[in-house]
């Protein structure tokens, strides 16, 4: 039985139509990928000559591909991007640079926290899409796996070994969840 309450129960008054739900998904996914690009750009601005730089560049390249895909989705579906992109432009870079200034493990801890939040977000979207939008669902699944790969690389690099990992990761997760909530609505 599907866990998607949108497809297992009749649409109730006040429920957003499928097109509105999908528009919100595309909007927030575009914003999230934009923020991820900015985080890696901030980290590379500080760690661009470090041993971690090739990993960060690889992750940045994948985030650029994700962003390009969702830019296309915005255009083809005629969905406006979030009004908060200027904020995510600054906040993403600042988060990346600040964690990189704390050291390589802090930068990796940031990646772990963000990617675990995105994993949960994409999992929820997968479930909410049910049988609607099979192409979008396949994209969400592919990007979710790539984000998990980023998390796994950060774990392997020692991100969880950062003293105070749970405090830093908790703050980043909370900020990421707030950014998701705001970007869906603004």
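Values as computed for the structure displayed
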quantity	calculated
Relative contact order (%) - criterion: Cα under 8 Å, at least six apart; region: the chain	30
Likely footprinting exposure, 150, 69, fewest C-beta neighbours within 10 Å first	69, 150
Radius ratio Rg over Rh of the stretch 142-186, counting only Cα atoms, Kirkwood formula for Rh	1.07
Angle in degrees between helix 165-185 and the longest Cα principal axis of the chain, rounded to the nearest 10	40
Ranked 22, 155, criterion: other C-beta atoms within 10 Å, fewest first	155, 22
Three semi-axes of the equivalent ellipsoid, the chain, Cα gyration tensor, whole Å, largest first	30, 17, 15
Estimated Rh, the stretch 79-186: Kirkwood, alpha-carbon pairs, angstrom	14.8
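Just so you know, all these numbers are worked out from the coordinates, no wet-lab data involved. Being a predicted model, the structure only gives us computed values, none of them experimental. Don't worry about glycine lacking a Cβ; one is built from the backbone with ideal geometry, like all the others, and counts go over all protein chains shown.
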